[in-house]
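Have a look at the structure below before the remarks.
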Amino acid sequence: MKGIVFTELLSMAEAAFSPELVEEVIIACDLPSGGAYTAIGTYPHSELVALVSELSRRGNTPASELIQGFGKHLFTTFLESHAAFFTSAGNTFDLLSRVEDEIHVEVRKLYPDAELPSFTASEPLPGDFVLEYRSSRGLADLAHGLIEASIAHFGENIWFERKDLSEGQNTHVVFTLHRV
Amino acid sequence: MDTLEYLRRRLAREQRARQAAETYAEEKTRALFEANKALEEMAAGLQVKIDERTAELREAHDLALAANQAKSAFVANLSHELRTPLNAIIGYGEMLTEDLRALEILDLAHDAQRILSAGNYLLVLINDLLDLEKIEAGELSLLLEEVEVEPVVRHVSEIIRPQVDANRNTLEVDLADDLPALRTDNARLRQILHNLLSNASKFTKDGTIQVGVFPEDRAEGTFLIFEVKDTGIGIAPEALPRIFERFAQADETISARFGGTGLGLALTRRLCQRLGGDIAVASKLGSGSTFRIWLPLEPPLAT
Ligand SMILES: Nc1ncnc2c1ncn2[C@@H]1O[C@H](COP(=O)(O)OP(=O)(O)OP(=O)(O)O)[C@@H](O)[C@H]1O
Ligand SMILES: [Mg+2]
């Protein structure tokens, strides 16, 4: 898992809870990396799982809520670092449909070892949009948060449903978006 | 946890992260540097290889050129040496044939005639070879004059008639109206048409051979197109590029079935080019061939 995920998670948690709580979480998790993350490094996925569950416990927040919030936080981060892309996308449907073919392609050029989820987008009817998330990491909540943040960012009137096809594993989830 | 403890830990973490980032950056920089160096070395190695190969090629090229020149000189000399006795054979063969005919010793006259035919065939061959060598050495001189197409075509058709008839072919001639005269080498034009017609009659049986001549305006000026079309055996696509090379025939069976040495078209093409034109062929195996040559009304060459 790319280091930027860890550094952003910790900075979000510091703002959402407190720096002290984050420090205690790091100690409690007893991570191989010691929590000394750099954005350009790569760290085991298990550290992310440990951090999230410990943050959830000590922060008294359900893990799913935490990860969704993290999705929104990441959206803001990307918005700052890749403003041009968001301007060119213009709306949520457009943005989501370009994740797989444009964003991930670029990410792979920079980080050939990056493990990316797969996003399959389709527009079965005008005004409807289907996004299929697949990843062994089971981070559909992250996608959930990103989608919500995007709708808010573009100020669109869109509601969406979420259906888990992986028996609660969050590894295969279909989001259906309806534009009102 | 008190604030001081928190800050202490936080600082330690940041320091380690920075170190990790620096190590990472240094590793990447080193890897880049190594890759760059390897690339540079490879490029240098390649350049050396290219230089070596170029030198080898140049040497091989020079050798081939020298060998080719030596061979050309040899062929030219040899052909010349062959022609002298051959002319004697043909001359005496003619005399002998006539004498035997006059004495009405017809079976011997027939045999003598065969010697004469064989001698003539050899002479054509040697002349073709000599012409080719001359053209390639840039030594073929042309005799340019105003040439009317109609008499040339008629003359060649007459000469080729026995070969056309031998294979029971029909010869059709179609000249466009008001064909302009062209400035060219009369004898060479005949030689070209003769070669094409001799091929057409040789490779066609019970068929039709059509000769057509018409003008065509092109960017470089007006050209006369001479077309020789037959309904003969045709040429396989893979052989087409080869047939204009010297000593090349469509396949290995041709010389056994039809004779010949594969010089005719090589010479024809060189002659056309020397006269400011060229030759092309379209053919389908089993249904026939069309040879097309084009010559400018005025050859753009100093003679
Ligand atoms: N009209 C034709 N139809 C079919 N094949 C042809 C025709 N004209 C030429 N070819 C093919 O092209 C080859 C080369 O022709 P070219 O005139 O150079 O040689 P050749 O006729 O075999 O021998 P030469 O002309 O030296 O007596 C021939 O051997 C034959 O395979
Ligand atoms: Mg021939």
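Every condition in (1) in contact (Cβ under 8 Å) with a residue 60 or more places away in the chain; (2) in a loop (DSSP other than H, G, I, E, B); (3) away from chain B (no Cβ under 14 Å) is met by A:Asp113 except one, and the failing one is (3). Within the set B:Glu81, B:Glu104, B:Glu98, B:Glu52, the sole residue that is away from chain A (no Cβ under 14 Å), at positive phi and free of Cβ contacts under 8 Å to residues at least 12 places away in the same chain turns out to be B:Glu104. Filtered by the rule that a residue be in a loop (DSSP other than H, G, I, E, B), of a type outside the set (A, V, I, L, M) and within 16 Å of ligand 2 (Cβ to nearest atom), region B:257-287 gives B:Gly259, B:Gly260, B:Thr261, B:Gly262. Within region A:1-23, restricting attention to residues that are over 18 Å from B:Arg18 (Cα atoms) and free of Cβ contacts under 8 Å to residues at least 24 places away in the same chain, the residue that is farthest from the chain's Cα centre (by Cα) is A:Glu20. Considering (1) surrounded by 13 or more Cβ atoms within 10 Å (Cβ to Cβ); (2) more than 23 Å from B:Ile126 (Cβ to Cβ); (3) within 12 Å of ligand 1 (Cβ to nearest atom); (4) modelled with pLDDT under 95, the lone condition that B:Thr253 does not fulfil carries the number (1). If you go through region A:6-16 and keep only what is buried (at least 18 other Cβ atoms within 10 Å of the Cβ) and either away from every other protein chain (no Cβ under 11 Å) or closer than 16 Å to A:Glu65 by Cβ (or both), you end up with A:Glu8, A:Leu9, A:Met12, A:Ala13. Considering each residue of region B:263-286 in turn, none proves to be near ligand 1 (Cβ under 8 Å from one of its atoms) and more than 17 Å from the chain's Cα centre (by Cα). If I filter region B:218-227 for residues that are among the hydrophobic types (A, V, I, L, M, F, W, C), more than 27 Å from B:Leu130 (Cβ to Cβ), within 12 Å of ligand 1 (Cβ to nearest atom) and more than 14 Å from chain A (Cβ to nearest Cβ), do I get at least one hit? No, there is no match, as no residue in region B:218-227 is among the hydrophobic types (A, V, I, L, M, F, W, C), more than 27 Å from B:Leu130 (Cβ to Cβ), within 12 Å of ligand 1 (Cβ to nearest atom) and more than 14 Å from chain A (Cβ to nearest Cβ).
Among the residues of region B:236-252, are any within 22 Å of B:Gly286 (Cα to Cα), among the basic types (Lys, Arg) and within 15 Å of ligand 2 (Cβ to nearest atom)? Yes: one or more hits. When B:Ala20, B:Ala44, B:Ala66, B:Ala70 are screened for being of a type outside the set (Lys, Arg) and within 14 Å of chain A (Cβ to nearest Cβ), only B:Ala20 passes. Checking B:Arg242 against (1) over 15 Å from B:Leu125 (Cβ atoms); (2) in a loop (DSSP other than H, G, I, E, B); (3) in contact (Cβ under 8 Å) with a residue 12 or more places away in the chain, which single condition isn't satisfied? In the conditions (1) over 15 Å from B:Leu125 (Cβ atoms); (2) in a loop (DSSP other than H, G, I, E, B); (3) in contact (Cβ under 8 Å) with a residue 12 or more places away in the chain, B:Arg242 misses (3) alone.
The values are calculated or read from the model by the stated rules, or taken from the named source; none is laboratory data. Everything numeric in this text was worked out from a predicted model, so none of it was measured. Positions of Cβ are backbone-derived with ideal geometry, glycine not excepted, and every protein chain shown enters the neighbour counts.
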